[in-house]
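The values are calculated or read from the model by the stated rules, or taken from the named source; none is laboratory data. The shown structure was predicted, so the numbers you read here are calculated from the model rather than taken from an experiment. Reconstructed Cβ throughout: ideal geometry from the backbone, glycine too, with neighbour counts over all protein chains shown. Side chains included, ligands, DNA and RNA excluded: accessible areas come from the protein's heavy atoms. Shrake-Rupley method; radii C 1.70, N 1.55, O 1.52, S 1.80 Å.
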Amino acid sequence: MSRLASVLVPFALGTALAAQTTVFTGARILPGGAPPIADGVLVVTGGRIAAVGDAATPVPDGAAIVDCRGRTITPGLIDASFRGGAAAGDLNEQGDEVTPHLRALDSLDPDDPALARARAAGVTAVHLMPGTRNVIGGLGCVVKTAGTDPAAMLVKADVSLRIVMGSEPSAENRAIRGGRVDSIYYRRPTTRMGVVWETRRAFHEAKQALELSLGATPAPPDRGREVLQRVLRGDLTAYTTARSEQDIRTALRIAAEFGYRTVIDEAQDAWVVADELLAAQVTVLLGAPSAAQVQGSAGRDGADPRYATAKLLADRGIPFVITTGTNTAALELVREAMFAARNGVAPAQAIDAVTIAPARLLGIADRTGSLAAGKDADFVVWSHDPLDPAAVAESVHIDGKPVPASR
Amino acid sequence: MRRYLPLALAAAVSPFCARAAAQDVLLQARRIVVAPDAVLDDGRVLLRQGKVAYVGTEVPAEARARARRVDYGPAFVVPGFVLAQTTLGHDADLAERALPFTPDLRAAEAADPWQEDLLELPRHGVTALALAPASGNVAGGIAALVKSGRERAVVGDDLYLTLSLARNARQAERPPTSLMGAVDLLRSAFDGVRTGIGQGPDAAVLRQAMQGTRGVFVYADNFAELNAALDLGRDFGLRLVLVGAAHAEKVLPRLVQQQAAVVLGTLRPELRRAELELPARLAVAGVPFCFGGDPELLRQSAALAVQYGLDRRSALQALTRVPAALLDRDGTLGALRQGHAADFVVFTGDPLDLSSAHVATWVDGVLVAGSEPGAAPVAEPPAAAAGVR
């Protein structure tokens, strides 16, 4: 009983505090997926958006008013492929190359400096995936960028299964060459062929088990296989990291072969394979469109990024989302959107590509990614238009609470 | 070498041991802390057969008359310190390197009753300790109760299960190499027990943990590790004690909500301020905690905690009653109440003042370090006598 009370009391206090209404007036509002509002009003109550509209929107009595004239308000940005959020090494389980059931959420460090940097730059939610060192790394999740308890930061668990093509999953593995034969790194894959083979074998076994289980006594549960079967049944989306032309083609081929839905993550060479991407009706995550080359452990993969890729995807009608991704040369997410706009993407689409588009892709658009009544009050007050190179996130709000400034 | 010295010591004290066992002892001192909330001034405690038989005015006149009188005069007597978790620096012998998951291994099998470190401990106030599997394994095994000080330490009951989410449980050369891998290993093992797939001696230990009949000590330091440990505790109903927990201030509300306890590491003056203030904050929040880490620096840790805001009563509890309770031994250890083991330490003053000197330590009613009033000190610990240190 006393334990129950101790849980309820802070909750009641929290509601009382959060029920306070704050109104942001005078700003230009880019609601995300809707036309801009020149002289907008944003009403926030209890951590949620109560109303968004033009200057005629009624302001509740007793509300605190924040004058935002000259500012621009956007939804909090969403980074659909985020590197960080955990201590080095904790997102790559090296014990096996196929670990579909491992959850990135279990390694989340709410104190990670990358999260602090992201939220200071206007990013209020990130898609956290296992690292790129495994062929099939595990389950991704979407978390808010501020908080202390992973369960409270979580927006959606198990949103993705990360698969990685290219050289990274084979990078540290090795043949004996005088090393220890009992090392866990003495194993396949050591080549691109091996990476594909491991992927195909994992899905083949999962599919076979699925077919055999029809009408038969169920096989003993294998949690990794169950995750792969969710992908095969269409209940879970694969996010295949593939940068170079050959890796993107391979990713599409395996997905088609097993009939699962995939998103192509990173996709630096998307400009080469636009026809195939269009035909396959996949969404592309374009990592760091500002970068002229891939830096980091995937640098040797041979991808050839071009500034014009984002515009090409837009013109061809290929759905895309802008991310920071794994490229260590990536800028802040808002600057990546700025680069896409500078290289020909319509400004509204550039903003959508870091707000409502990733929210829809990740299945969280009912809570965040746009400014509308009933959604989480995740938004950013920018000093200038966010696509202006001088734009700074003056204040960032998550669930209606301003996050501490780190600038 | 080490076999002979303790034998020589045993020969020197054994007649005394026999006498102590046979005859009651009436312990007297200016201040006797029976428990942190029960302090006797000019107090007396009657010891019989290694246990506390009577306290203060309850001592019958007839028993008082017959007992051998041990009067420490102006000194302070406090219950012996209980160390809720230690490896005594023998981590390599207490973690099975190649296998990350060994919940059914027993630290008792690795306990060497002749170990010299055990003879050193009474001089630092420690009279009972839990020898625990080290933090190198995700599931290390079962800790053992050890009473220190006499020529041959007494290795007692099996205690809690140790798990580890700390950095050194994730090694580069065997799985798991990542925190999510370590969490998954534990979650799947507990899930296996819950669904009945898990069988055998390791599953039996996990089942006891889930039923609450065996406590679970988890090595965890940073934010992510602490959250992961608390998640496991919540999902599987574990009686959770976090060991190390340097960043525990960040999960304070969860500690309160889940009624978890903390074994702190050694406090040192150069630590982050948040770490030095942690004991005081835990006390205010009502989270049970005890001092741990280096057994020689327990008093220093407690004194530093007091310097950073912890009240003295809580500090003394965190050396005695709380660790005894975390070992489920608060009925016999951590206090000088009737029926408790006659384990106590004598200082020239308040043990939380570092200027107070150690006078004597008794374990199970027997003097094991220091001296009786008006007598020559018992032999130096053999390691020191042999010039090892």
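Roughly how crowded by other chains is peptide A:85-98, in terms of the mean Cβ count from those chains within 10 Å of each of its Cβ atoms? Don't jump to the answer; show the numbers that get you there.
Values: counts 1, 4, 8, 0, 6, 12, 4, 4, 11, 10, 10, 4, 0, 0.
Averaged over the peptide's residues, the number is 5.
Tell me the label-point distance for the pair B:Arg64, A:Ala308, using the 7 Å Cα-to-Cβ offset, in nm and rounded to one decimal.
Label at B:Arg64, label at A:Ala308, 10.3 nm between them.
Given the peptides B:236-242, B:162-168, B:304-310, A:131-137, arrange them by the average over their residues of other C-beta atoms within 10 Å, most packed first.
By packing density, highest mean first, the sequence is A:131-137, B:162-168, B:236-242, B:304-310.
What does the charge count near A:Ala157 come to, summing +1 for each Lys or Arg and -1 for each Asp or Glu among other residues with Cβ under 11 Å from its Cβ? Let's see the in-between values first.
Numbers: positive: A:Arg103, A:Lys156; negative: A:Asp106, A:Asp158.
Local charge sum for A:Ala157: 0.
Can you tell me the orientation of helix A:223-233 relative to chain A, as the angle in degrees between its alpha-carbon axis and the longest Cα principal axis, to the nearest 10?
Rounded to the nearest ten degrees, it is 70.
Step through the residues of region A:369-382 one at a time and calculate ³J(HN,Hα) from phi using the Karplus curve (6.51 cos²θ - 1.76 cosθ + 1.60, θ = phi - 60°), rounding each to whole Hz and writing x for Gly and Pro.
x, 8, 9, 8, 4, x, 8, 4, 7, 9, 7, 10, 9, 9
How big is the dipole moment of region A:97-227 about its Cα centre under a simple scheme where the beta carbon of each Lys and Arg is +1, that of each Asp and Glu is -1, and everything else is neutral? Debye, nearest 20, please.
About 440 debye.
Report, in deg cm²/dmol and to the nearest 500, the calculated mean residue ellipticity at 222 nm for chain A, where each DSSP H run with n ≥ 4 adds -39500 (n - 2.57) and the sum is divided by the residue count.
Details: 11 runs with 113 residues, N = 407.
Mean residue ellipticity at 222 nm (helix-derived): -8000 deg cm²/dmol.
Can you give the direction-averaged projected area of the convex hull of the alpha-carbon atoms in region B:222-351, in nm²? Could the numbers behind the result be given before it?
Details: hull surface 33.4 nm².
Its average projected convex-hull area is 8.3 nm².
Provide the percentage of antiparallel DSSP beta bridges, counting only those with both residues in chain A; round to the nearest 5.
Details: 33 of 60 bridges.
Of all bridge pairs located within chain A, approximately 55 percent are antiparallel.
Please determine, in degrees from 0 to 90 and to the nearest 10, the orientation of helix A:333-342 with respect to the longest principal axis defined by the Cα atoms of chain A, where the helix direction is its Cα long axis.
Orientation of helix A:333-342: about 90 degrees from the principal axis.
Compute the Cα gyration tensor for region B:150-241, then decide on rounded, prolate or oblate, letting a ≥ b ≥ c be the square roots of its eigenvalues: rounded whenever a/c is under 1.5, prolate when a/b is larger than b/c in the other cases, and oblate in all that remain.
Details: a/c = 1.63, a/b = 1.19, b/c = 1.37.
Oblate shape, in that a/c is at least 1.5 and b/c is the bigger or equal ratio.
In a Debye calculation with equal point scatterers on the alpha-carbon sites of region B:61-199 and no solvent, what is log10 I(q)/I(0) at q = 0.10, 0.13, 0.20 Å⁻¹?
The Debye formula, applied to the Cα set alone, gives -0.46, -0.66, -1.12.
Please give the length that would be gained between B:Asp311 and B:Glu296 if that part of the chain were fully extended, namely 0.36 nm times their separation in residues minus their C-alpha to C-alpha distance (nm, one decimal). The partial results should precede the final answer.
Values: separation 15, 0.36 × 15 = 5.40 nm, distance 2.16 nm.
Full-extension gain reported as 3.2 nm.
Which value at 222 nm does chain B reach when only helices count, each DSSP H run of 4 or more adding -39,500 (n - 2.57), with the total divided by all residues and rounded to the nearest 500 deg cm²/dmol?
Details: 12 runs with 119 residues, N = 389.
Taken over chain B, the calculation gives -9000 deg cm²/dmol.
Probe 1.4 Å, all protein chains in place: accessible area of B:His90 in Å², nearest 10?
80 Å²
I'd like the distance separating the alpha-carbon centroids of region A:115-191 and region B:43-111, in whole Å.
Rounded to whole Å, the Cα centres lie 48 Å apart.
Give me log10 I(q)/I(0) at q = 0.13, 0.14 Å⁻¹ for region A:73-205, Debye formula, one equal scatterer per alpha-carbon, no solvent.
These q points yield log10 I(q)/I(0) values of -0.59, -0.66.
From the phi of every residue in region B:193-210, what ³J(HN,Hα) in whole Hz does the Karplus formula 6.51 cos²θ - 1.76 cosθ + 1.60 yield, where θ is phi - 60° and glycine or proline is x?
Those phi angles translate into 5, 5, 8, x, 6, x, 9, x, x, 5, 5, 4, 5, 5, 5, 4, 5, 6 Hz.
In sequence order, what are the phi-derived ³J(HN,Hα) couplings for region B:134-145 according to the Karplus relation 6.51 cos²θ - 1.76 cosθ + 1.60 with θ = phi - 60°, rounded to whole Hz, with x for glycine and proline?
Result, ordered by residue: 6, 7, x, 10, 4, 10, x, x, 10, 7, 10, 7 Hz.
What is the local net charge at B:Arg69, summed over the other residues whose Cβ is closer than 12 Å to its Cβ (Lys, Arg +1; Asp, Glu -1)? Walk me through the intermediate numbers first.
Values: positive: B:Arg44, B:Arg64, B:Arg66, B:Arg68; negative: B:Asp24, B:Asp71, B:Glu372.
Once all neighbours under 12 Å are counted, the net charge is +1.
List every residue whose amide H lies under 5 Å from the amide H of A:Ala86, counting only residues 5 or more places away in sequence or on a different chain, with H placed 1.01 Å from N in the peptide plane.
A:Asp109
So what is log10(I(q)/I(0)) for region B:81-326 at q = 0.11, 0.12, 0.15 1/Å, when the Debye sum runs over its Cα atoms only?
-0.53, -0.64, -1.01
Expressed as a whole percent, how much of the Cα-Cα distance distribution for the protein assembly as shown exceeds 39 Å?
Values: 154562 of 316410 pairs.
Counting pairs separated by more than 39 Å, the tail of P(r) holds 49 percent.
Arrange the peptides A:285-296, A:58-69 so that the one whose residues have, on average, the most other Cβ atoms within 10 Å appears first.
Result, highest mean Cβ count within 10 Å first: A:285-296, A:58-69.
For a protection proxy built on the mean count of beta-carbon atoms within 10 angstrom, sort B:130-143, B:253-266 highest first, please.
Listed from highest to lowest mean packing, they are B:130-143, B:253-266.
What's the Kirkwood radius of chain A in Å, using all Cα pairs? Before the final figure, lay out the partial values.
On the way: mean 1/r = 0.0450 Å⁻¹.
Value: 22.2 Å, from the Cα pair sum.
Cross-chain or 8 or more residues apart, Cα under 17 Å: how many lysine pairs in chain A fit that? Count them up, please.
5
What is the average number of partner chain Cβ atoms found within 10 Å of a Cβ in B:31-43?
Details: counts 0, 0, 0, 0, 0, 0, 0, 0, 0, 0, 0, 0, 0.
The per-residue average across the peptide is 0.
Against the globular-protein guess of 2.2 N^0.38 Å, express the Cα radius of gyration of region A:109-155 as a ratio, rounded to two decimals. All intermediate terms of the calculation are to be shown ahead of the outcome.
Numbers: Rg = 11.3 Å, N = 47, 2.2 N^0.38 = 9.5 Å.
Dividing the Cα radius of gyration by 2.2 N^0.38 Å gives 1.19.
Averaged over A:255-265, how many beta carbons belonging to a partner chain fall within 10 Å of each residue's beta carbon? Show your work: numbers first, answer last.
Values: counts 0, 0, 0, 0, 0, 0, 0, 0, 0, 0, 0.
Mean shielding count: 0.
Could you pull out every residue, at least 5 positions away or on a different chain, whose amide H is within less than 5 Å of the one on B:Ala245? Hs are placed 1.01 Å off N in the peptide plane, and Pro or chain starts have none.
B:Ala220, B:Asp221
What is the angle, in °, between the Cα long axis of helix B:298-307 and the longest principal axis of the Cα atoms in chain B? Nearest 10 is fine, range 0 to 90.
80 degrees
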